[in-house]
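> Quick one: structure below, then a few questions.
The values are calculated or read from the model by the stated rules, or taken from the named source; none is laboratory data. Only a predicted model underlies this, so the values are computations on that prediction, with no experimental measurement involved. For neighbour counting, all protein chains shown are included, and Cβ atoms are generated from backbone atoms with ideal geometry for every residue, glycine included. Note: areas computed on protein heavy atoms with side chains; ligands, DNA, RNA excluded. Shrake-Rupley method; radii C 1.70, N 1.55, O 1.52, S 1.80 Å.
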Amino acid sequence: MYFPKIIFYFILRFPQINKYIYRVSQDHGTSPFFSLFLSNLGPLLFILFINSLTALFRTASYLLFADDLKIYLKIENESDCVQLQLDLNRAVKWSEENKLFFNISKCAVISYSRKNDSVLYNYVINERPLTRVHEVRDLGVTFDKRLTFNNHIIKIVNKAMQVYGFIVRHTRDFTDPNCIKQLYMSLVRSLLEYASVIWSPFYLCYKYQIEKIQNKIVRYMYYKESKEFHFNISVTWLCEKYGLMRLEKRREMINILYLFKTITGIADNSEFLSRINFLVPSYNTRQANTFYLSTVAMTNLHSNSPLYRLCHGYNRLEVELDIYNNNYDTFKKRLAELF
C-alpha cells in the first residue's frame, strides 16, 4: 500500500506536532485547521495500529469493529478448542506488547449450537477463565446461543412500548395526527426495524407483538383526530388511512432492498455476496428464479436464515421486478408498489 511521504512525516513527528499544537491552542485559542488535523490523524493512526492485530490469527477467523474484537472458529473436537486458545494467546501477547490491554471483565465466550452436547472448553486470558454466557449483545442486536433472536425481539418490543408511552404522555395537547406519525416513525418504528435483516421473526406470536405497537399508535392517532376512541374499527383501514404499511411487509421490503444493495455493490458485504448462488438453467424451462437455493428449508431456522430468506423473498417477486436494470430509487419505488 502506497502512502505519501507527508503521511509518514506526520506519523513519525506526531508527538512533537501534538505538543506544539497543544501549546498554540493554549496561547492563541484553538485553530480550526489544527482541530481538523488532529481529528483526522487520530483515527488514521489507530486504524494502522489496530489492523496489525489481524495478521496474528492462524486458525480462527475474526471480526473487528474499531477496538471491538471477536474471534471464532468452527469447533468439532477439543483440538479445535486448543487452536482457538492459541490464537487468543497471540492476541493477548500483542496487546501486552503494545500496552493496549484487554478488559477481561468485558470478555466472554459463547457457543452457537443447536446440539445439546456441544463441545465446551474453558478459555483463559492470563490464566483467568473467561465467563461463558448464553447470549451477547453486539452492535445493538442480542444473539442467543441458538440464534433464535427471541430475547432480542422481546427487548425491542419492551423498549418500543416505553417510547410509545413517552409519546402519548407528551402529545396530550397535539391535535394533528401527522405530528404523532412523524414521532412514531422516527422514535418507535426505527427501533422495531433496526437490523431486521438479521433477526426477522417467523413465529406468529413475535410478529403479533411487534405489529401491536403500530396498531396502538394508529388508534391513538385516530383518537386525536376524532376526539373519541373506536375499539371496533379496523386496524388495516387505519393503517391505509395514515399511509402506514404493515411492519411485516416492511421487513420483507427491507430484506429485498438489502439484497439489491449487496448485488449492486451499494452495501459492502463480500462474505454474504460470495454465498449467493445465481440460477443458470441448462435448458429453457418455465422456472424463472434468479437465485438458486440448493436445498428446501426443512426447519424454521433454515427458512429464516438471512441468505435463504432474502433470496426466496426476491424469487417470489422477480417476474414483476428486475434487480439488475434499475437504480436504487427506481427499484425501491417499484418494490413499494408491489407491496
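> Looking only at segment 131-177, which residues are of a type in the set (Asp, Glu) and either in contact with a Cys (Cβ under 7 Å, 6 or more places away or on another chain) or within 14 Å of Tyr112 (Cβ to Cβ) (or both)? Give the derivation first.
We begin by selecting, within segment 131-177, every residue of a type in the set (Asp, Glu); these are 135, 138, 144, 173, 176.
Of everything in segment 131-177, those that are of a type in the set (Asp, Glu) and either in contact with a Cys (Cβ under 7 Å, 6 or more places away or on another chain) or within 14 Å of Tyr112 (Cβ to Cβ) (or both) turn out to be Glu135, Asp138, Asp144.
> Taking only pairs six or more apart or across chains, which ones have beta-carbon atoms under 6 Å, a first residue in segment 291-308 that is under 22 Å from Arg146 (Cβ atoms), and a second residue that is modelled with pLDDT of 80 or more and of a type in the set (Lys, Arg)?
As it stands, the answer is Leu307/Arg275, since those pairs meet every condition given.
> Looking at Gly265, Gly243, which is the one that is over 21 Å from the mean Cα position of the chain (by Cα), open to solvent by less than 70 Å² (accessible area, probe 1.4 Å) and small (Gly, Ala, Ser)? Steps first, please.
On the way: Gly265 fails: over 21 Å from the mean Cα position of the chain (by Cα).
The conditions single out Gly243.
> Also: Mind listing just one residue for me: the one in segment 155-194 that is open to solvent by 60 Å² or more (accessible area, probe 1.4 Å) and among the aliphatic types (A, V, I, L, M) and, of those, farthest from Ile217 (Cα to Cα)?
It comes out as Leu187.
> Please tell me if Thr236 is within 26 Å of the chain's Cα centre (by Cα) and open to solvent by 60 Å² or more (accessible area, probe 1.4 Å).
Numbers: within 26 Å of the chain's Cα centre (by Cα): no; open to solvent by 60 Å² or more (accessible area, probe 1.4 Å): yes.
No.
> To continue, here is another question. Which one is nearest to Leu307 (Cα to Cα), of the residues in segment 276-294 that are modelled with pLDDT of 70 or more and open to solvent by less than 70 Å² (accessible area, probe 1.4 Å)? Give the steps one after another, and end with the answer.
Initial filter on segment 276-294 (modelled with pLDDT of 70 or more): 276-280, 289-294.
Filter once more, so that each one left must be open to solvent by less than 70 Å² (accessible area, probe 1.4 Å): 276, 279, 289-291, 293.
Numbers: Ile276: 7, Leu279: 15, Asn289: 15, Thr290: 14, Phe291: 10, Leu293: 9 Å.
Out of the qualifying residues, it is Ile276.
> Next question. Quick one: which of Arg316, Arg250 is open to solvent by 30 Å² or more (accessible area, probe 1.4 Å), modelled with pLDDT of 85 or more and within 26 Å of Tyr203 (Cβ to Cβ)? Don't jump to the end; show me each part of the working.
On the way: Arg316 fails: modelled with pLDDT of 85 or more.
Checking each option against the conditions leaves just Arg250.
> Follow-up. Enumerate the pairs (first residue in segment 317-339 and touching a residue at least 60 places away in the same chain (Cβ under 8 Å); second residue anywhere and loosely packed, with under 14 Cβ neighbours inside 10 Å and not aliphatic (A, V, I, L, M)) with beta-carbon separation below 6 Å, excluding pairs fewer than 6 apart on the same chain, so at least 6 apart or on different chains.
Final answer for the pair search is Phe339/Lys249.
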